[in-house]
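First up is the structure itself, then whatever we jot down about it.
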Amino acid sequence: MSQLDTLHPQAYCYYIELTGNERPELLTSLTASEQALGEWERVHAAKLPTWRLWTNANADTIRYTVAHVIARSALPQNAYWLLQYKGADHGHPRMLHPQFHTR
């Protein structure tokens, strides 16, 4: 695990998984500032279109960024899952989107 830590020293790892039928290549539509957030990588082993972002940015910044990247790709705003992991520790993810409210 220490090898992973040296490869990705960022505080968080975010998983962005699309849930719709469309399979866009989101990495080609990133702006320069979005690319500068951290290390973006496509997860090719996943069944659904999935990306991983290693970054120090907080959850609100990532939610805002992902919503805009998806909107530019003309995908429904709710057609994705967003998970936050602490660094390289993928044992306890935090669900950031979708959020379900019961009132």
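Before moving on, here are some points about what is shown:
- Considered as a group, the residues in the stretch 31-60 that are polar (S, T, N, Q) and under 11 Å from the mean Cα position of the chain (by Cα) include one that is farthest from residue 7 (Cα to Cα), and that residue is 50.
- For residue 23, the test of being under 14 Å from the mean Cα position of the chain (by Cα) and basic (Lys, Arg) is failed.
- Matching residues, the stretch 26-48, being of a type outside the set (S, T, N, Q) and outside any loop (DSSP other than H, G, I, E, B): 26, 27, 32, 34, 38, 39, 40, 41, 42
- Condition check for residue 65: among the hydroxyl-bearing types (Ser, Thr, Tyr), part of a helix (DSSP H, G or I), modelled with pLDDT of 90 or more and over 16 Å from residue 10 (Cα atoms): yes
- Restricting the stretch 68-103 to residues that are part of a loop (DSSP other than H, G, I, E, B), in contact with a His (Cβ under 9 Å, 6 or more places away or on another chain) and open to solvent by less than 80 Å² (accessible area, probe 1.4 Å), the residue that is modelled with the lowest pLDDT is 88.
- Selected residue (only one of 57, 46, 79 is touching a residue at least 24 places away in the same chain (Cβ under 8 Å), aliphatic (A, V, I, L, M) and closer than 16 Å to residue 12 by Cβ): 57
The values are calculated or read from the model by the stated rules, or taken from the named source; none is laboratory data. Quantities reported herein were computed from a predicted structural model and do not represent experimental measurements. FYI the Cβ positions are ideal-geometry reconstructions off the backbone, even for glycines, and counts take in every protein chain you see. Accessible surface areas use protein heavy atoms only, side chains included; no ligands, DNA or RNA. Shrake-Rupley method; radii C 1.70, N 1.55, O 1.52, S 1.80 Å.
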